[in-house]
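Take a look at the structure below.
The values are calculated or read from the model by the stated rules, or taken from the named source; none is laboratory data. Computed from a prediction, not measured in an experiment: that's the story for all the values here. Note: ideal-geometry Cβ built from the backbone for every residue, glycine included; neighbour counts use all protein chains shown. Please note that ligands, DNA and RNA were not included when accessible areas were found on the heavy atoms of the full protein model with its side chains. Shrake-Rupley method; radii C 1.70, N 1.55, O 1.52, S 1.80 Å.
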Amino acid sequence: MITNPILPGFNPDPCVCRRGDDFYLAVSSFEWLPGVPVYHSRDLKHWELYTHILTEEQVNLRGLPSGKGVWAPCLTWCEADGLFYLVYGVMHSMNARYFDINNYLITARDIRGLWSEPVYLHSAGFDASLFHDDDGRKWLVSLEWETRDGYEKPGAICLAEYLPEQKKLAGYPQRIWRGGTDRGCLEAPHLLKRNGWYYILCAEGGTGYNHCAAMGRARDVHGPYERDPGTPILTSAPGDPNERHDPDHLKPRYFNPDSVLQKSGHASYIETPTGEPYLFHLTARPFVPELRCTLGRETAIQRATWTEDGWLRLANGGNLAQVKVPEPALPEAPLPGIPDFDDFDEDTLRRCYYAPRQMPERFADVTARPGFVRLRGQESPTSLHEVSLLARKLTSVYAQITTKMEFTPEVCQHSAGLILYYDNMNFFYLRKYFSETLGQSALSVLVLENGVRTECPGTRTAVEDVPLCLRLTIRGRQSRFSWSYDGTDWQEIGGALDTTKLSDEYSQYGEFTGTFAGLVCADRLFHRKYADFDSFEYVADESAPVD
């Protein structure tokens, strides 16, 4: 059996494609770089972080608020062209609900690149995806974002033909679909074709607790599309409420206490080489009763089947997302996971590291001092521009993160340490800094909660300028920092912190992402002071329940 989620932690909006016997799964990355993580599998059960597609050469994320940036990539393989296609949107602003986004397309012969120069498509809406028809034509579908008073929000799904030779769309997108349910918040369209039918698969209900996947079909790609009589085909919330009047995406009133997997929707379809159908979808596991998803939105899989009259259904006969799913009839293909311990002995950074709005290599160097990663300090962790934060995705709320750091701050603008980070306005930070009051280096715990900065009372502790071990222990709702000179005798600092507050639901400044654990260095004076980290260990119990 396959156990969900297959990609725990911040891995939302999955889009899957197959090339021969290899499956590739792309997820959203928002303000984090490198962008568009791609996971690889040969059996749908074992997955490896295989590559990333976007760098600062394709996207400029500087200054973008949390939760903006690269949304809902669509990764496809076209056998006739011998090319991978990636369609992605860069969301710049949601001010006054205008949702200003630019959509682009790039191609590559190999999933690891080189990728072509971006082709601008349009800015009409988000979650654009590309469909390769069997006659060689290519169609782009996306949500047309609606802003006008008196019109249903967020809008309709639109279709336009993409002309590869001219590298542009053939005219204005045309509206073809307004949803298979009355849940509203229509988005994330994908087209597929089977037995002469064009199927449209969409997310509906908002990417919160009323989320679902629904379908329609037509004989012509332009429609008209008929609604699937059994829709929604996948959800965490039973029933079919009419919420077309409510543009809010979260809708916590639809939390289903009988389901481990919440927010299930935004699905992507694939078949194995032997024709077994599966749906990949986003999901979340909140703390209850707080309904806060510290891990963000994750990726899950469901086995599906086609009915005799040509509709897609979950193989278990219902429509609720399942934790345990039958695996396909494919040979077992284990793949290497991300090692828990990194001693930074390699000559490049491992691909599991991310940074907000810039590539990690801009400030993180593993060659300056062999066996260490050297972080050059830049702006504070609250910045939207240049933050020296080298981070890994939190994949469980039962985890222990440990590092060994060498850092000698000289002025009050210097700091470095260990951080648990949701966004630039919400984080827990164990930092070493220069205390003018003490006249020497010190440790303290700094908490930022929806932009309110608090240095935890009584945590200021004088320390020597020698190697320090820093640790973060997460046990469900409680997170605690500790420190040590020798890695054996640990001293707690700062007390219990509320893990649930680092979440989509609690943050007032960002949404749609997830929590990271990482290393930080700041030099708010000259941007040149550095900290050396000898190791980074991340040990997580991914089998543990969230609550």
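Summary table
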| quantity | calculated |
| --- | --- |
| Pairwise FRET efficiency - PHE341 versus ALA368, Cβ, R0 = 35 Å, nearest 0.05 | 0.95 |
| Leading residue at positive end of dipole, the chain (Cβ point charges), from ILE101, PHE84, ILE474 | ILE101 |
| Residue-by-residue Karplus 3J(HN,Hα) for the stretch 66-78, coefficients 6.51, -1.76, 1.60, Hz, glycine and proline x | 4, x, 9, x, 8, 10, 6, x, 10, 9, 9, 10, 10 |
| Inter-part distance where the stretch 59-128 and the stretch 293-320 are each reduced to a Cα centre, Å | 26 |
| Computed magnitude of the charge dipole of the chain (debye, nearest 20; Cβ of K, R +1, Cβ of D, E -1) | 700 |
| With all protein chains modelled, accessible area of CYS352 [1.4 Å, Å²] | 10 |
| The stretch 406-547: Rg to Rh, with Rh as the Kirkwood radius over Cα pairs | 0.96 |
| Surface accessible to a 1.4 Å probe, per residue, for the residues of the stretch 366-493, Å² | 37 |
| Principal axis box of the stretch 258-392, alpha-carbon based, largest edge first, Å | 63, 40, 23 |
| Net charge over other residues, Cβ less than 15 angstrom from the Cβ of ASP246 (K, R count +1; D, E count -1) | -2 |
| Inter-label distance for ARG19 and ASP309, nm, one decimal - labels placed 7 Å from Cα along Cα-to-Cβ | 4.0 |
| For the stretch 215-256, the spread of Cα positions along each principal axis, largest first, Å | 38, 20, 13 |
| Translational diffusion coefficient (Stokes-Einstein; Kirkwood radius from C-alpha pairs) of the stretch 409-458 at 20 °C, 1.002 mPa s, in µm²/s | 190 |
| Residues THR473 and ASN316, FRET efficiency given R0 of 25 Å [Cβ-Cβ distance, rounded to 0.05] | 0.10 |
| Gyration tensor (alpha-carbon) shape descriptor, the stretch 124-201, a/c threshold 1.5 | oblate |
| Of all accessible heavy-atom area on the chain, the percent that carbon and sulfur account for (1.4 Å) | 47 |
| Per residue, in Å², the accessible surface of the stretch 72-179 once ligands and nucleic acids are set aside, probe 1.4 Å | 47 |
| Computed over the stretch 389-449: relative contact order in percent, which uses C-alpha pairs under 8 Å that are six or more apart | 26 |
| Cα centroid separation, the stretch 403-475 to the stretch 1-51 (Å) | 34 |
| Linear extension gain, GLU464 paired with THR147, 0.36 nm per residue minus alpha-carbon span | 108.3 nm |
| Surface accessible to a 1.4 Å probe, per residue, for the residues of the stretch 203-244, Å² | 30 |
| Alpha-carbon Debye profile of the stretch 507-547, log10 I(q)/I(0) at 0.18 Å⁻¹ | -0.88 |
| Along each principal axis, Cα extent of the stretch 462-517, largest first, Å | 39, 20, 17 |
| Relative pair counts by distance (%), Cα atoms of the stretch 357-425, 5 Å bins | 3, 13, 22, 26, 20, 12, 2, 0 |
| Full-extension gain in nm, ASP541 to ALA96, via 0.36 nm per residue minus C-alpha separation | 156.1 nm |
| Translational diffusion coefficient (Stokes-Einstein; Kirkwood radius from C-alpha pairs) of the stretch 195-267 at 25 °C, 0.890 mPa s, in µm²/s | 189 |
| The chain: Rg to Rh, with Rh as the Kirkwood radius over Cα pairs | 0.98 |
| Label-zone membership for the stretch 318-359, site GLU57, 7 angstrom Cα→C-beta point, backbone N under 16 Å | 359 |
| Of THR513, LEU448, SER503, farthest towards positive along the dipole that unit charges on Lys, Arg, Asp, Glu beta carbons give the stretch 441-520 | SER503 |
| Length-normalised contact order for the stretch 445-492 - Cα pairs under 8 Å, 6+ apart - percent | 23 |
| Theoretical gain in end-to-end length, GLU410 to GLU48 [0.36 nm per residue, Cα-Cα removed] | 126.1 nm |
| Isotropically averaged projected area of the stretch 171-299, using the convex hull of Cα atoms (one quarter of hull area), nm² | 9.5 |
| Binned Cα-Cα distances of the stretch 21-110, short to long, each 10 Å bin given as a whole percent | 16, 45, 28, 10, 1 |
| Förster-model FRET efficiency, 45 Å R0, THR272 and GLU379, C-beta, rounded to 0.05 | 0.45 |
| For the stretch 140-146, Karplus couplings with θ = phi - 60° (6.51, -1.76, 1.60), whole Hz, Gly/Pro x | 9, 10, 7, 6, 8, 6, 9 |
| Distance (nanometres) between label positions extended 7 Å along Cα→Cβ at ASP110 and VAL452 | 5.3 |
| Rg(Cα)/(2.2 N^0.38 Å) for the stretch 114-244, N = residue count | 1.08 |
| Over the stretch 309-462, equivalent-ellipsoid semi-axes from the Cα gyration tensor in Å | 40, 21, 15 |
| Formal net charge of residues neighbouring PHE99 (Cβ-Cβ distance under 12 Å; K, R +1; D, E -1) | -2 |
| Loop trypsin sites (Lys or Arg not before Pro), the stretch 454-547, which have at most 11 other Cβ atoms in a 10 Å radius of their Cβ (DSSP) | ARG528 |
| Semi-axis lengths, Å, the stretch 271-327, gyration tensor of Cα atoms, sqrt of 5 times eigenvalues | 28, 12, 9 |
| Rel. contact order, % - alpha carbon contacts under 8 angstrom, at least six apart, the chain | 14 |
